[in-house]
Every structure is written in C-alpha cells, then in structure tokens.
Amino acid sequence: MVTSLTAFSQTVKEHPCYLFGFAASFNDSTVYITDIQHLDSTYLYNHDMFLYGRDGYAVQLKEYLKRVGVSTPTATIFFSDKKKDIEKRYLKLKNRYSKDGSYNFKYLTAQDFQFTFEKPDESLYNVKETKPKKKK
C-alpha cells in the first residue's frame, strides 16, 4: 500500500478578531495579562482557525515586557473572532492563576500595551485551496 502526502494551500482572509496576551517568567511568580483587545484588521487562515502572525503578536508582548524590566518573559496570545468565546477563555485563565493566590497578577491595560497588526506576505492572498486527486 502506497500513501502520499499532499499539501494544502490555505486561503487567508482579512477579518476582525479579539485577542489578549498572557506572559509569565519562570524566575518568579508574577504573571501578566493584557486587556482583551479588538483588532479590526487581522488575517485568519485554515477556515478561520488560525491567526496569521500569532507568534508575532506574542513577540510584541514579550518585547514590551523586556522593555519594562521583565528579564525572561514567556508570552502567548489567545484569539477568537467571537467576543463571547474570548471572554470565556480570559476568565478561565484568570481564575486558574488567581485561584490560590500563589501568583502575583499584573494587568496590562490598553494604555500600557497595544497589539499592532501583523500583515501576511502578499503571496498568501487569495490562494485557492487545492484538493488531492483521487487515485484510480
């Protein structure tokens, strides 16, 4: 039996999105969380399941924290195109880390930190999905 690996190109669509960032340092018990922010122009691909540049958004938060004196932050972002879904994730994460009081929470408001738009490479625009040909 022969199997083949077929790559699918993904359609990238401009779409508004909600996101927030979370960061921690393994050197201390302080965690950082941003406000939920609405970006009018983000790019989603793979049927709106992935945010283009999500690693870039995490780097934006990490670099901001380094500038304000956090030595080794590890940052991640959470996103959704639905406000209700992102609020649910936000509360779940906040409750998880504030439940027993062992973490020092630092909130980053939109005045403290604001995500900036990550634009995809022009070659990704309007790429049609391709499906593998069936073997006879």
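To the nearest 10 square angstrom, how much accessible area does PHE22 have with a 1.4 angstrom probe?
20
So how do ILE33, ILE77 rank on accessible area, 1.4 Å probe, biggest first, that is with the largest at the start?
These residues rank, largest area first, as ILE77, ILE33.
For the stretch 79-85, just list the computed ³J(HN,Hα) in residue order, Karplus coefficients 6.51, -1.76 and 1.60, θ = phi - 60°, integers in Hz, with x standing in for Gly and Pro.
In residue order, the calculated couplings are 9, 6, 8, 10, 4, 4, 5 Hz.
Once you charge only the Cβ atoms, +1 for Lys and Arg and -1 for Asp and Glu, what is the size of the charge dipole of the stretch 50-123 about its Cα centre, to the nearest 20 debye?
It works out to roughly 460 debye.
The values are calculated or read from the model by the stated rules, or taken from the named source; none is laboratory data. As the structure is a prediction and not an experimental result, all values here were calculated from the model. Ideal geometry is used to build each Cβ from the backbone, glycine not excepted, and the neighbour counts take in all protein chains shown. Side chains are part of the model used for accessible areas, which takes the heavy atoms of the whole protein and leaves out ligands, DNA and RNA. Shrake-Rupley method; radii C 1.70, N 1.55, O 1.52, S 1.80 Å.
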